[in-house]
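Scroll down for the structure; my scribbles are underneath it.
The values are calculated or read from the model by the stated rules, or taken from the named source; none is laboratory data. The structure presented is a predicted model; accordingly, all values stated were derived computationally and were not measured. Every residue, glycine among them, receives a Cβ derived from its backbone with ideal geometry; neighbour counts consider all protein chains shown.
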Amino acid sequence: MTTCLGDLDATFRALLEGRSGVGPLRCGDPEKLNVRNGYVITDAEPDAPHPADSPRLAARWLARTVADALADAGVDPARRRVAVVVGTGLRELRAVEQWYADGAELRLAQLHFAEAVRSVAPEVTEVHTLANACAASGYALALAADLLELGEADAVVAAGCDTMTESMLAMIGRVGTATADMVRPFDADRDGVLLGEGAVAVVLERADELRDERRPLALLRGVGVGCDAHHETAPDPTGIVATIRDAHDRAGVTPDEIGLVVAHGTSTALNDPTEAAALLETFGADGPVVTGIKGAVGHTSGGAALMSLLIAVAAMDAGLVPPVVGLRMPIAEAEKLGLVYGEAVPTRARLAQVNAFGFGGVNAVTIVEACVGAPLGGPS
């Protein structure tokens, strides 16, 4: 995983400490965009003409995380049938903007991610790119599980990636305020969402095919997906609840078995109260502890679902749930949720729910089970 805070271990440590990776934007004019801050990755190629804004950053981060995930899992595409499914909100839109503004080199094939994946894993059998808004990597995970279940692959990499673009920042600027200094999920003083960026990848294999010496990081119990098409941008609590219940049914669990929820938590006027209402309808006032990661890493768009998934697994493995960074006073609609804020809290949760909701009512909810004693850092 690659975020503005570093890899999975570094990101999880920062979350436990309540640290945020917010900072000045890398691209665009803040005055024109009405956005001044973002959660920017600063490890761009030093020899690029514009190091902090070099072309096809998303593809570079993706290639690195896919290579790391395959190596960590001990999966060799030259010896087994390995497919890759990439979820993204924007593909390589920043490369198009640079081509339009500065005449930067652009090939349309590079808008998808097959070339990036095959640059580090040329033997993979197939690469699929899904553009399902902010739930994209949750959908990638669902498709990866389907490919395994159908016997279409021996292992599948589910991944997600996005980088900031001027056009997406401009959209954020139109619906938000220039005073937004950070993402504050479920906070009464929240000012709206800010963008993050990065990439994430996990390797899925069938449990009955794992060798004894290879302990999985976690067990994927089920992914519920849905598109309620309620509105272009406004979330629908009915559609969200339906997706949560579908995920529970697929996982074979009941709400009282879930010990941890990693919320979508975008810090927007509509998402936070809507998600809070959906969680209360599902779990009641005595539900699981709830956290979220966007106050620390921003809204990472296509990678958001899988990044939250890895943090959920890390929290169960460590027995510590990180606080919602930026949350100081919960909104009234979320007061009865078990929100974690201020400091990390201990947990004995073995089942976690991960929410991801996108524009157009595109929803993905994942149920994951911890493996006792699993090594942190298996997937990248």
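Some observations on this one:
- Of all residues in region 322-351, those that are hydroxyl-bearing (Ser, Thr, Tyr) have Cβ atoms under 8 Å from Cβ atoms of residues that are part of a loop (DSSP other than H, G, I, E, B) and modelled with pLDDT of 95 or more, 6 or more apart or on another chain, in Tyr341/Pro323; Tyr341/Val324; Tyr341/Leu327; Tyr341/Arg328; Thr347/Gly259; Thr347/Gly319.
- Enumeration of residues in region 128-148 that are modelled with pLDDT under 95 and out of contact with any Ser or Thr (no Cβ under 8 Å at 6 or more places or on another chain): Asn132
- Strands (runs of 3 or more DSSP E) contained in region 125-209 and holding at least 1 residues in contact (Cβ under 8 Å) with a residue 12 or more places away in the chain and within 12 Å of the chain's Cα centre (by Cα): 155-162, 198-205
- Residue that is nearest to Asp317 (Cα to Cα), among those in region 256-300 that are in a helix (DSSP H, G or I) and among the acidic types (Asp, Glu): Glu257
Each row is one residue, and each column tells you yes or no for (1) surrounded by fewer than 24 Cβ atoms within 10 Å (Cβ to Cβ); (2) under 14 Å from Glu205 (Cβ atoms).
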site	(1), (2)
Val66	no, no
Asp72	yes, yes
Pro77	yes, yes
Arg94	no, no
Ala104	yes, no
Arg118	yes, no
Glu126	yes, no
Ala144	no, yes
Leu148	yes, yes
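- Qualifying positions in region 195-217 - buried (at least 22 other Cβ atoms within 10 Å of the Cβ) and of a type in the set (Gly, Ala, Ser): Gly196, Gly198, Ala199, Ala201
- Exclusive hit being among the β-branched types (Val, Ile, Thr), in contact with a strand residue (DSSP E or B) (Cβ under 9 Å, 6 or more places away or on another chain) and at pLDDT 95 or above, set Val261, Val241: Val261
- Qualifying positions in region 223-255 - surrounded by 15 or more Cβ atoms within 10 Å (Cβ to Cβ), of a type in the set (Asp, Glu) and assigned to a helix (DSSP H, G or I): Asp246
- Residue match in region 361-371 (condition: at pLDDT 95 or above, more than 20 Å from the chain's Cα centre (by Cα), charged (D, E, K, R) and not in a loop (DSSP other than H, G, I, E, B)): no
- All conditions in (1) under 20 Å from the mean Cα position of the chain (by Cα); (2) within 22 Å of Ala277 (Cα to Cα); (3) at pLDDT 95 or above hold for Gly338, with the sole exception of (1).
- Among the residues of this structure, Val75 does not count as one that is in contact with a Lys or Arg (Cβ under 7 Å, 6 or more places away or on another chain) and over 30 Å from Pro24 (Cβ atoms).
- Selection status of Val156, more than 12 Å from Val84 (Cβ to Cβ) and either surrounded by 24 or more Cβ atoms within 10 Å (Cβ to Cβ) or in contact with a Cys (Cβ under 9 Å, 6 or more places away or on another chain) (or both): no
- Residue tally, condition outside any strand (DSSP E or B) and surrounded by fewer than 24 Cβ atoms within 10 Å (Cβ to Cβ), over region 309-333: 9
- Qualifying positions in region 14-35 - in a loop (DSSP other than H, G, I, E, B), modelled with pLDDT of 85 or more and not aliphatic (A, V, I, L, M): Gly18, Arg19, Ser20, Gly21, Asp29, Asn34
- Filtered residue count, region 36-68, keeping only those that are modelled with pLDDT under 95, among the hydroxyl-bearing types (Ser, Thr, Tyr) and either more than 18 Å from Gln98 (Cβ to Cβ) or outside any loop (DSSP other than H, G, I, E, B) (or both): 1
- Every residue from region 345-359 that is surrounded by fewer than 19 Cβ atoms within 10 Å (Cβ to Cβ), over 16 Å from the mean Cα position of the chain (by Cα) and not in a strand (DSSP E or B): Arg348, Arg350
- Being touching a Ser or Thr at 6+ places or on another chain (Cβ under 7 Å) and either surrounded by fewer than 24 Cβ atoms within 10 Å (Cβ to Cβ) or closer than 22 Å to Val223 by Cα (or both) is true of Leu306.
- Region 115-124, residues that are more than 20 Å from the chain's Cα centre (by Cα) and either under 22 Å from Glu197 (Cβ atoms) or assigned to a loop (DSSP other than H, G, I, E, B) (or both): Glu115, Ser119, Val120, Ala121, Pro122, Glu123, Val124
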